[in-house]
């Protein structure tokens, strides 16, 4: 965590030295917005005001309109990817039926959610996945036939697991949350989602 | 009041029995959609949302008996009565930007800059300001429970007042005075608030509301950076929500967006909400506001 912050700061410093870091479109109003955000929120339920602070990645994405220069993006993506925690037993493919349940649930992390209960994957909020579920969102791409199109190889399993654990390892300013990285989903839960996407028996690949 | 609302609900179910007013259940799509969508559909963004279309039909039929009118009537009483420690009526003391006591066009003319408060305020915040400064109510008392909650015997006074004021902008053009430097400033700050990603899921307002044709589950998401999208974010607020039978304001909607963003709670009637509303309502400038609405 600290290493990541230090690296991020170093990159920012380097960027400003060579004046190649794109400036925010409107630095004055951005500063004002930050001041207001800091002042005008109060903690509620599990949502504390600490959530308003940007981490290194959010800061870079916010300051560059989600389009950081390649040399920053590549280094920070590698940094994010290094945070991916693989299951201790090395088993990346869980139970697709459990994965479907996790994909359906959108609960967790809001001020009305009980922090003691498990967090859902929110997957259907943004993605088409199983053809049986027609109530799906379109913020992310369709994942229907995800495994059929890619194959269920160890490399694809590792990529899929890592993408769910920390999507920012592949696309620094991706819209997708870092589910494993922020502690929303466990190694086992991510494995179940990998199975939903890759298991030939999953309805996703029928 | 309860009888009329129950009646309204009865009409709703009579008109379109397949329509549910609850948020889409995580596990089920509306029956009507299931029938029409092909089994292995790729996400068709342009595909019309059947549930929304059905609801629009119902909304049109409800136009003459919108339960929001009940809250509007209560708001009119509150506006005209002498109230508060100072025993003053808002009708004789409160300037919403169109002159003291004038409600016509006030809702579509806000957010605007108010020199006496030295702040850019949306309609709800301005009415709160008047209740505090002119009538002598305590801000903390109003801010403690500012929104209508399920099972409350009625809506808070502020919600009734907002509904009354909003009703007097029905069928008028939205006209946020963006050429005023302070309003322009609030608009630009609001734009930055909308861009700001933070929290456990790295969400900003734009994650859901920054591009066209996006959905969460079956719910269409307006792109508030465009005129066409922004008016969708403005229309129908304040609105009577069938689920829970509550009257909810635009301030409430912003509050609930921040909840879903996994942010902490915005302070009631604060700059962060006023600036956000200045950006969104400002983007809807020139379009017709249809008055208090009905929500699922």
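The values are calculated or read from the model by the stated rules, or taken from the named source; none is laboratory data. All of these numbers come straight from a predicted model, not from anything done at the bench. Please note: Cβ atoms are built from the backbone with ideal geometry, for glycine as well, and neighbour counts cover all protein chains shown.
Condition check ((1) over 18 Å from residue A:166 (Cβ atoms); (2) in contact with a strand residue (DSSP E or B) (Cβ under 9 Å, 6 or more places away or on another chain); (3) outside the structural domain of residue A:185 (by TED's automatic domain parsing)) across all residues:
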position: A:46; (1), (2), (3): yes, no, yes
position: A:49; (1), (2), (3): yes, yes, yes
position: A:54; (1), (2), (3): no, yes, yes
position: A:57; (1), (2), (3): no, no, yes
position: A:61; (1), (2), (3): no, no, yes
position: A:64; (1), (2), (3): yes, no, yes
position: A:81; (1), (2), (3): no, no, yes
position: A:104; (1), (2), (3): yes, no, no
- Item | Selection from segment B:177-201 of residues that are more than 9 Å from chain A (Cβ to nearest Cβ) and free of Cβ contacts under 8 Å to residues at least 40 places away in the same chain | B:179, B:181, B:184
- Query: If the Cβ limit is 7 Å and pairs must be 6+ apart or interchain, which residue in segment B:202-220 that is at the interface with another protein chain (Cβ under 8 Å from one of its Cβ atoms) pairs with which residue that is assigned to a strand (DSSP E or B)?
  - Reply: B:208/B:214; B:208/B:216; B:208/B:221; B:214/B:221; B:215/B:221
- Note on the structure: Going through segment B:118-138 in order, the residues found to be over 27 Å from residue B:287 (Cβ atoms) and outside any helix (DSSP H, G or I) are B:118, B:134, B:135, B:136, B:137, B:138
- Scan of segment A:102-113 for residues that are assigned to a loop (DSSP other than H, G, I, E, B), within 21 Å of residue B:215 (Cα to Cα) and more than 7 Å from chain B (Cβ to nearest Cβ), ordered by number: A:107, A:108
- Given the conditions (1) under 20 Å from residue A:169 (Cα atoms); (2) part of a loop (DSSP other than H, G, I, E, B); (3) within 14 Å of chain B (Cβ to nearest Cβ), and given that residue A:80 satisfies all but one, which numbered condition is not satisfied? (2)
- Query: Only one residue in A:147, A:140 is assigned to a helix (DSSP H, G or I), in contact with a helix residue (DSSP H, G or I) (Cβ under 9 Å, 6 or more places away or on another chain) and either within 14 Å of chain B (Cβ to nearest Cβ) or closer than 20 Å to residue A:195 by Cβ (or both). Which one?
  - Reply: A:147
- Note on the structure: Residues of segment A:13-52 being modelled with pLDDT under 50 and loosely packed, with under 12 Cβ neighbours inside 10 Å, in sequence order, are A:13, A:16, A:17, A:18, A:19, A:20, A:23
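Matching residues to (1) in a loop (DSSP other than H, G, I, E, B); (2) at the interface with chain B (Cβ under 9 Å from one of its Cβ atoms); (3) surrounded by 22 or more Cβ atoms within 10 Å (Cβ to Cβ):
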residue: A:91; (1), (2), (3): yes, no, no
residue: A:94; (1), (2), (3): yes, no, yes
residue: A:100; (1), (2), (3): no, no, yes
residue: A:115; (1), (2), (3): yes, no, no
residue: A:120; (1), (2), (3): yes, yes, yes
residue: A:131; (1), (2), (3): yes, yes, no
residue: A:135; (1), (2), (3): yes, yes, yes
residue: A:159; (1), (2), (3): no, no, no
residue: A:168; (1), (2), (3): no, yes, yes
- Screening B:153, B:146 for residues that are modelled with pLDDT under 95 and either surrounded by fewer than 21 Cβ atoms within 10 Å (Cβ to Cβ) or closer than 30 Å to residue A:51 by Cα (or both) leaves only B:153
